[in-house]
1. Suppose every K and R has +1 on its Cβ and every D and E has -1 on its Cβ; what is the size of the dipole of the chain about the Cα centre, in Debye to the nearest 20?
2. So what is log10(I(q)/I(0)) for the chain at q = 0.12, 0.19, 0.20, 0.22 1/Å, when the Debye sum runs over its Cα atoms only?
3. With a cut-off of at most 12 other beta carbons within 10 Å, and DSSP calling the residue loop, which trypsin sites (Lys or Arg not before Pro) in region 1-92 qualify? Please list them.
4. Return one number: the angle in degrees, 0 to 90 and rounded to the nearest 10, between the long axis of the Cα atoms of helix 22-66 and the longest principal axis of the Cα atoms of the chain.
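Here, each number is a calculation from the coordinates, and none is a lab measurement. Bear in mind the structure is a predicted one, so any value in this text is a computation, not a measurement. In this analysis, Cβ positions are derived from the backbone assuming ideal geometry, glycine residues included, and neighbour counts consider all displayed protein chains.
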Amino acid sequence: MSAPLITHLGSDAPVDLAALSEDAWRLWLDGHACGYAAGLERGRQLQDAELGALQRAAAAVVHAAAQLPDRGHELSVEAAARREAAGVAAFRADHARRRGQAGGAHA
C-alpha cells in the first residue's frame, strides 16, 4: 500500500489522490488541468491590463512632452557657444602660463 497523497480542495475534506479510482483520477486530472489553464489565462489577462496601464501612462508623458516648446536647437547652440568660450579661455590661460614659464614676454 502506498503512502497517502493528500490534497485539499478549498473548504472540502482532504482527498487522498493515491486512493482514487482510475476514473476519479482522470476526472481530478481533468479538473486540475482546467483550473491550471484558467489560472494561466487569468494571469495573461492581468499582465495585459498592467502592461496596457503602463503604456497609457508612458503615452501621456510623451504627449505632454510634445506640447512643450521646442528649445532643443537653441539649447544646443547655446551650449556649443559656452563650450567654445571655455575652450578659448583655457587655451589663453595655458598659453599665458607657458609664456610665464619660458621667462619672458614675447611681442
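1. 1460 debye
2. -0.78, -1.05, -1.09, -1.16
3. Sparse-neighbourhood loop trypsin sites (Lys or Arg not before Pro): R71.
4. Approximately 20 degrees, to the nearest ten.
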